[in-house]
Amino acid sequence: ENLHNFIQPFHNVPKDFPKLKNDAFLRACHGQETNHVPVWCMRQAGRYLPEFREFRAGKDFFETCRSPAACCELTLQPLRRFPFDAAIIFSDILVIPQAMGMDVQMVAGKGPTFPEPLKEPEDLLLLQPKVDVNKELGYVFKAITLTRHKLDGKVPLIGFTGAPWTLMAYMIEGGGSTTHSKAKRWLYRHPEASHKLLKMLTDVIVVYLLGQVAAGAQALQVFESHAGCLGPVEFQEFSLPYLRDIARKVKDQLKESGQDVPMIVFAKDGHYGLEDLSQSHYEVVGLDWTIDPRSARERTGGKVSLQGNMDPCALYAPKERISEIVKKMLEGFGTRGYIANLGHGLYPDMDPENVGAFVEAVHTHSRHLNLK
Ligand SMILES: Cc1c2[nH]c(c1CCC(=O)O)Cc1[nH]c(c(CCC(=O)O)c1C)Cc1[nH]c(c(CCC(=O)O)c1C)Cc1[nH]c(c(CCC(=O)O)c1C)C2
């Protein structure tokens, strides 16, 4: 039906992508054995790299997102420096509100800004009721196809999306926020309109993720970056059902075409939801640094692979200390069904050398542990 129409064009394009040489990340997603623990970093394409700052200088952020060649270059930059085991396509979660008709600008020193955020439930009528994802977000699909070719099979390419609640929060707050009180006001005051918006977002996200796979994405991460401002009750009602829906619908559709693409859910500061997240049809649960590795394993009962969770600020430590912290983290998680990462993205003032030390420590210590 509807979904088929949207993704059909991609199935007709022969892509003959280069053969994958390093499948450690994909194997770990599925809980299979690997020689070393795979590692990548959230925001690995970012301002901590001088070549990133140079390339982005003077260019509008969302213009950059709309250029497949620029996204490809920025995705590849960190892989030229470090032996990461996965690449993540350079883009942003806020391209979805744009596709739904909202204006989003990147304001220097302030971050993403919506000049006209949603204020009241009536404002939902201003959103595009039927989003043509191929037309509005085709530039992301082109970036993915190009990057998958240029990666030359070095490592798998991860596609991503923001989760419905996180996107809803931006659309109402109009930008970053510490309290998210405007968006949470909707949850308590306009629960029906909130569900309507979350459902609209879910529908677009499902087609968007399927389009990313058809374009060449080999894994998908769903970012629920603002899980932490919800409590367990609101999470159960306004986040979890949509996270589940996304995974189920994407997987059902992929199964029909015989594809197997692992999905990762990262609900930042959503420790209260760990048990539920491990039973939400995702192969991998991403963790922030507030969760102890051993207790995360216990609470998820070996049902999923885990990803994370070093405090990004540990990268400010000397290299020897980073190595010790990584070793403890690996001992806590174990080396099977585990993908090393930070508990959130890299910050712009981080030293690329220490990022290199982090990657090397994961590879070296995990090889050692595997030999024991
Ligand atoms: C590098 C970058 C990005 N977005 C922004 C920047 C910095 C601005 C710049 O380069 O000019 C603005 C940019 N975009 C956003 C923010 C946060 C705004 C805020 O809440 O204050 C900023 C500064 C919104 C955003 N954008 C994203 C999230 C989810 C992850 C997270 O929790 O951090 C969120 C919340 C996803 C995202 N965003 C980006 C990636 C690229 C791939 C990679 O990780 O290397 C990804 C995955 C790219």
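The values are calculated or read from the model by the stated rules, or taken from the named source; none is laboratory data. For clarity, every value in this text was computed on a predicted model and none was experimentally measured. Cβ atoms come from the backbone with ideal geometry, glycine included; neighbour counts cover every protein chain shown.
Filter region 243-271 for residues that are more than 16 Å from the ligand (Cβ to nearest atom) and crowded, with 17+ Cβ neighbours inside 10 Å and give the result. So that I can check it myself, show each step before the final result.
Pass one, region 243-271, residues more than 16 Å from the ligand (Cβ to nearest atom): 244-245, 247-262.
If the condition is that a residue be more than 16 Å from the ligand (Cβ to nearest atom) and crowded, with 17+ Cβ neighbours inside 10 Å, then R244, D245, A247, K249, V250, K251, Q253, L254, V261, P262 are the ones that fit.
Taking region 259-275, which residues are out of contact with any His (no Cβ under 8 Å at 6 or more places or on another chain) and more than 20 Å from G31 (Cα to Cα)? Give the derivation first.
If we filter region 259-275 for residues that are out of contact with any His (no Cβ under 8 Å at 6 or more places or on another chain), which is where we start, we get 259-261, 264-267, 269-275.
Matches in region 259-275: A267, D269, G270, H271, Y272, G273.
Cβ-Cβ below 7 Å, separation at least six or inter-chain, first residue in region 130-146 and closer than 21 Å to A219 by Cβ and modelled with pLDDT of 95 or more, second in a helix (DSSP H, G or I) and among the β-branched types (V, I, T): which pairs?
Note: pairs meeting the criteria are V133/V204; V133/V207; L137/V95; V140/V95.
In region 336-364, which residues are within 16 Å of the ligand (Cβ to nearest atom) and part of a loop (DSSP other than H, G, I, E, B)?
If the condition is that a residue be within 16 Å of the ligand (Cβ to nearest atom) and part of a loop (DSSP other than H, G, I, E, B), then G343, H344, G345, L346, Y347, P348, D349, M350 are the ones that fit.
Within the set of pairs 6 or more residues apart or between chains, which connect a residue that is farther than 13 Å from P38 by Cα inside region 328-350 to a residue that is among the polar types (S, T, N, Q) with Cβ atoms less than 8 Å apart?
These pairs meet every condition: M329/N309; G343/T290; G343/N309; L346/Q44.
Can G286 be described as within 30 Å of F238 (Cβ to Cβ) and in contact (Cβ under 8 Å) with a residue 40 or more places away in the chain? Let's see the steps before the verdict.
Values: within 30 Å of F238 (Cβ to Cβ): yes; in contact (Cβ under 8 Å) with a residue 40 or more places away in the chain: yes.
Yes: the conditions hold for G286.
Only residues that are surrounded by fewer than 22 Cβ atoms within 10 Å (Cβ to Cβ) and more than 24 Å from V304 (Cα to Cα): list them for region 332-349, please.
Selection gives Y347, P348, D349.
Determine whether C72 is under 23 Å from V265 (Cβ atoms), more than 10 Å from the ligand (Cβ to nearest atom) and touching a Ser or Thr at 6+ places or on another chain (Cβ under 7 Å).
Numbers: under 23 Å from V265 (Cβ atoms): no; more than 10 Å from the ligand (Cβ to nearest atom): yes; touching a Ser or Thr at 6+ places or on another chain (Cβ under 7 Å): yes.
Against the criterion (under 23 Å from V265 (Cβ atoms), more than 10 Å from the ligand (Cβ to nearest atom) and touching a Ser or Thr at 6+ places or on another chain (Cβ under 7 Å)), C72 does not qualify.
Regarding region 326-335, can at least one residue be identified that is out of contact with any helix residue (DSSP H, G or I) (no Cβ under 9 Å at 6 or more places or on another chain) and assigned to a helix (DSSP H, G or I)?
Within region 326-335 (the criterion being out of contact with any helix residue (DSSP H, G or I) (no Cβ under 9 Å at 6 or more places or on another chain) and assigned to a helix (DSSP H, G or I)), the answer is no, since none of the residues qualifies.
Is one or more of the residues making up region 112-135 within 16 Å of the ligand (Cβ to nearest atom) and touching a strand residue (DSSP E or B) at 6+ places or on another chain (Cβ under 6 Å)?
Applying the first criterion (within 16 Å of the ligand (Cβ to nearest atom)) to region 112-135 yields 112-115, 117.
With touching a strand residue (DSSP E or B) at 6+ places or on another chain (Cβ under 6 Å) added as a condition, the list becomes 112-113.
Checking region 112-135: at least one residue is within 16 Å of the ligand (Cβ to nearest atom) and touching a strand residue (DSSP E or B) at 6+ places or on another chain (Cβ under 6 Å).
Which ones in region 167-189 are within 20 Å of V233 (Cβ to Cβ), out of contact with any Lys or Arg (no Cβ under 9 Å at 6 or more places or on another chain) and not aromatic (F, W, Y)?
Taking region 167-189 first, the residues within 20 Å of V233 (Cβ to Cβ) are 168-169, 172, 179-189.
Narrowing further to those that are out of contact with any Lys or Arg (no Cβ under 9 Å at 6 or more places or on another chain): 168, 179-181, 183-189.
If the condition is that a residue be within 20 Å of V233 (Cβ to Cβ), out of contact with any Lys or Arg (no Cβ under 9 Å at 6 or more places or on another chain) and not aromatic (F, W, Y), then M168, T179, H180, S181, A183, K184, R185, L187, R189 are the ones that fit.
Results for (1) in contact with a strand residue (DSSP E or B) (Cβ under 6 Å, 6 or more places away or on another chain); (2) within 15 Å of the ligand (Cβ to nearest atom); (3) farther than 20 Å from V104 by Cβ; (4) in contact (Cβ under 8 Å) with a residue 12 or more places away in the chain, shown as yes or no for each residue.
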site: I158; (1), (2), (3), (4): yes, yes, yes, yes
site: L167; (1), (2), (3), (4): no, yes, no, yes
site: T179; (1), (2), (3), (4): no, yes, yes, yes
site: Y188; (1), (2), (3), (4): no, no, yes, no
site: M200; (1), (2), (3), (4): no, no, no, yes
site: G216; (1), (2), (3), (4): no, no, yes, yes
site: S225; (1), (2), (3), (4): no, yes, no, yes
site: F235; (1), (2), (3), (4): no, no, yes, yes
